[in-house]
């Protein structure tokens, strides 16, 4: 397990060229505002916390008045809600799900178990720190947090998105080696996902100095190449 | 020359108007659902926020050229259809197009979607699109019969003429009072074409995880959201033009089209969905029968 | 140029294909997976894949004190946590030879039935949502919240109350609680009419639910199906009546049965059970003020409490079926072994795998939800 | 339970050799028998005493005696008595017969016991992994597997050092013993 602790590392902000067009900034701000007011969430019912999401979504607390709605597949979603302890078997699926989401994407860890294992700290079956495997924007602690707490947490995330501070998804590209290393530690060196994170980082110019490293070398050595898809109807 | 310029202006303006009205129709749909479900519902500009956000995504996951083209076809089909749908003050190219072209154009989006989804190679998407085409096959038959009946009644396939005839005679010459049976069949077909419960077989989250939308993210999903607002607009405005005398002015036009749309939307949130075969059986039985009876009345 | 995010799947040409339901799928209850092989629209093979919610409860419980485990057990079945606490407490009480005060028994019955109503409301919502009908879900979950408020007032916890403990319950009811409880029950009973109109008499729903996932009585007995699913096949069996625990033998209640054995019968049985539960709670409300006495038998220092060696098997009727705890003690301060027989373990794996075969793909989710499977009980 | 039923049951059970019956209470009956006699007992109970419901099969790892205890909980809808049949099998090699042919639900419990304890049941329809498909270690429910030790070796923990704690530490206070040390001291 790599020892670097990423919780305090900031994403290195690329210097943005000053644009003379005043509307460029307006447009960016509009998009950030819309991002914060329209959040499609994919709630992966990894654990107990999932039971407090239906109350938060339905008639009594009604998340939709804040523009939050549940979505069905990772491609459509912006927020990945990890609702509770993540067993190792689930963690694999969580990572697959996370990588399939389109950026900007945000992760919220609900329940104490995602922070530090919670009351299952002794358990051989659950992963303890979620942010070793995927970057987490926000934790909502509690066992389990009440719907009010969930909505409060989502509102905090909204505030962060509005000011463009919720950038943890960039951390995944920039420090991919670290996350991959932790994943390999748990799942073995044969671990690979169908999403080409390094390729994506290159395409969208999100590469950092730590994107590649010893763990990605292991990945490259075991990776089966992705074949192009034939068109069919 | 002046007329042509005006027409071009109208052709550009009409889809924009349609889009804006469509957004409010989406909002109305979600608000109605919220009221039925005893909650508040989304804020006023929620549909717009969703679309802007989806287009502002920073990584767009495409599955290839056909995937892109499919979405463009899906939206483009409706954009073209809007220019053929007269609204108060703007006729666009409705007088030249006519009903038959419109009926064809409303099928283009489904086919475009089928192309795009086929490229994704997701089994859920493939099942979804095959269901969507099945349901299109089902509702198109009563839809075409209804259109034929209306054209026979008004002896024209020109929407401008049809609306003018209805407006000239007042309520007694509206399609709904001249051919009530056809109007009911038309409502059925319109509801089925919207793909809402009980005809929502191709989205079906619990069965096939939203079917055609399953691999769509970012601007592709945004495209589908735009398509949805066009779809609501097209269906309700077409119904208003055929049976409710179109819009004399903007106020009655909006009242009629929102009112017509409210009927299927309210029904949608009170019923579960049919199974695929049940849907085909139902749609081929009742709306088709009603439409045929209606046509028999019309031809008398 | 965009990175291609997919992998080619080169299957031989065939009309058979595989579809994964879950683990993250709206048609799956919780974190659970069902791999189905389809031929056209028909399922020819189904395999359940569990373990996504595995926490190793039985192992964890061996490492914790008898009393600590009370906070662990309700987490085994999230929608219906109270039977878990009660069942564990009953097993430990039997081992330790603790006498349960009468008032505590009535209070436990009160919670058990409240929890059953809450779980059934959740079930109706989920079942309706699989057929594309979301309004009952929105209503049901919101009405369930009123019951959770009562739990919060009684115990301090919305979902996990951790209110029962070996020897009784933690504290007595707050002042005025019975009145508020009675009001909420009146409200829920009034709402049942709305649910009937919207959901239980909805012709399209009835058409979809009838004939789906039929279990005959013989099959139910052979597969050890219990609870409402068994009663939907016509067998009148209820642990509450036939193997009574607490004060259920002093209460009057019917055991509703149906004869179809399909999704519709299973829904109807639960609908009728809710009415019975409401009537049981009414009886408790009536009787409770006259029952005086403590709510807990004191146990010795809980941190060094040693339970005599032995084993016990306690059974409780949860909203999903027969729940049982097998607790073994070797005389230590921690359980030597706890085995949990989750009620869903039977119908969520074996029965579902069998019922799904021959189903159309539309009905797979509905079959699962109609069985009221609770995946964490399978995984533990 | 009626007296007649009880009488019948006792007479029936005497057919099994070496059976030892204990009544915990009127509705719980404990039967200790030799491992070889169990299939005969189950067949008898199911065939002639209306015990159609297999409630559960529990496994207990008695590591000091080097034995696994298997407990079959059976319920009759007619007599309303729960019989728990206890058998002991040696821990090594941990192989026993499946009772799938008598009780269908046994398949699930046997599969579960196989992956949690490593007991192999001969004749069970499916002994493949079910819950622990991603697990490569020893069967985790065995007493000689130390879950806490494995966790400590595999995972690291979140640092928790909030500002109020820093203030306390400046004044000379703070956490005297870390959670890790307390955890390990317990063992």
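Computed from the C-beta positions of residue C:171 and residue C:249, the FRET efficiency with R₀ = 25 Å rounds to 0.45. Dividing the mean sequence gap of close Cα pairs (under 8 Å, 6+ apart) by how many residues segment B:2-299 holds gives a relative contact order of 27 percent. Between the alpha-carbon centres of segment C:312-327 and segment A:41-105 there is a gap of 32 Å.
Each residue in C:86, A:222 was given a count of other beta-carbon atoms within 10 angstrom of its own, and listing them fewest first yields A:222, C:86. Within segment A:38-222, DSSP assigns beta bridges of which about 10% are antiparallel (rounded to the nearest 5). Per residue of peptide B:30-41, the mean number of Cβ atoms on other chains within 10 Å of the residue Cβ is 5. Quick check on segment A:38-222: take the gyration tensor over C-alpha atoms, sort the square-rooted eigenvalues as a ≥ b ≥ c, and tell me if it's rounded (a/c under 1.5), prolate or oblate. Oblate, because a/c is 1.5 or more while a/b does not exceed b/c. Measuring nothing but how far apart in sequence close Cα pairs (under 8 Å, 6+ apart) lie, relative to its length, segment D:84-138 scores a relative contact order of 32 percent.
Structure remark: mean-square fluctuation, Gaussian network model of chain B, C-alpha springs under 10 Å; the largest value among B:58, B:153, B:228 belongs to B:58.
Here the protein assembly as shown is treated as a sphere whose radius is the Kirkwood value from Cα pairs; by Stokes-Einstein at 4 °C and 1.567 mPa s it diffuses with a coefficient of 41 µm²/s. Considering only Cα atoms, the convex hull volume of chain B works out to 132 Å³ per residue.
Peptide packing for C:356-366, B:276-286 was compared via the average number of neighbouring C-beta atoms within 10 Å per residue; ordered from the highest value, the list is C:356-366, B:276-286.
Would you please classify the overall shape of segment D:3-130 from the alpha carbon gyration tensor, given that a ≥ b ≥ c denote the square roots of the eigenvalues, rounded means a/c under 1.5, and beyond that prolate means a/b larger than b/c while oblate covers the rest? The shape class here is prolate. For the residues of C:66-79, the average number of beta carbons from a partner chain within 10 Å of their own beta carbon is 2. Name the residues of segment B:6-43 whose amide N is less than 20 Å from a point 7 angstrom out from the Cα of residue B:156 along the C-beta direction? So the set is B:7, B:11. Per the Debye calculation on segment B:34-164 with a single equal scatterer at every Cα and no solvent contribution, log₁₀ I(q)/I(0) for q = 0.19, 0.21 Å⁻¹ amounts to -1.12, -1.15.
Each residue, residue D:95 and residue C:17, gets one label point 7 Å from its Cα in the Cβ direction; the gap between the two is 4.5 nm. A simple spin-label model places the labels of residue C:182 and residue A:222 6.6 nm from each other, with each point 7 Å out along Cα-to-Cβ.
Note on B:196-206: average number of Cβ atoms from other chains within 10 Å of each residue's Cβ is 5. Look at the alpha carbon pairs under 8 Å that are at least 6 residues apart: their mean separation over the length of chain C gives a relative contact order of 26 percent.
Rounded to the nearest 500, the helix-only mean residue ellipticity at 222 nm of the protein assembly as shown stands at -15000 deg cm²/dmol, with each DSSP H run of n ≥ 4 adding -39,500 (n - 2.57).
Of B:236, D:55, the sequence from fewest to most neighbouring Cβ atoms within 10 angstrom is D:55, B:236. Applying Stokes-Einstein at 37 °C and 0.692 mPa s to the Kirkwood radius of segment D:68-114, computed over alpha-carbon pairs, gives a translational diffusion coefficient of 274 µm² s⁻¹. Counting only DSSP beta bridges with both residues in the protein assembly as shown, the antiparallel share comes to about 70 percent. Label reach from residue B:286 (point 7 Å along Cα→C-beta): in segment C:169-206, amide nitrogens under 19 Å belong to C:197-206. Helix C:177-195 and the longest principal axis of the C-alpha atoms of chain C enclose an angle of approximately 20°.
Given R0 = 25 Å, the distance between the Cβ atoms of residue C:189 and residue A:65 translates into a calculated FRET efficiency of 0.25. Averaged over residues, the count of other Cβ atoms within 10 Å places the peptides C:204-211, A:117-124 in the sequence A:117-124, C:204-211, highest first. From most to least packed by mean Cβ count within 10 Å, the peptides A:57-65, D:28-36, C:51-59 give C:51-59, A:57-65, D:28-36.
Placing a pseudo-label 7 Å from each Cα along the Cα-to-Cβ vector at residue B:20 and residue A:33 gives an inter-label distance of 1.8 nm. Relative to the longest principal axis of the Cα atoms of chain C, the long axis of helix C:82-96 makes an angle of roughly 50 degrees.
Between 0 and 90 degrees, the angle of helix C:135-155 with respect to the longest Cα principal axis of chain C falls at about 20 degrees. Under 1.5 on a/c is rounded, so check that first for segment C:202-257, then, if it is not, pick prolate when a/b is larger than b/c and oblate when it is not; a ≥ b ≥ c are the square roots of the alpha carbon gyration tensor eigenvalues. Here segment C:202-257 falls in the oblate category.
Every number here is computed from the coordinates shown, using simple stated rules; none is lab data. In this text the structure is predicted, and so the values were computed from the model without any measurement. For neighbour counting, all protein chains shown are included, and Cβ atoms are generated from backbone atoms with ideal geometry for every residue, glycine included.
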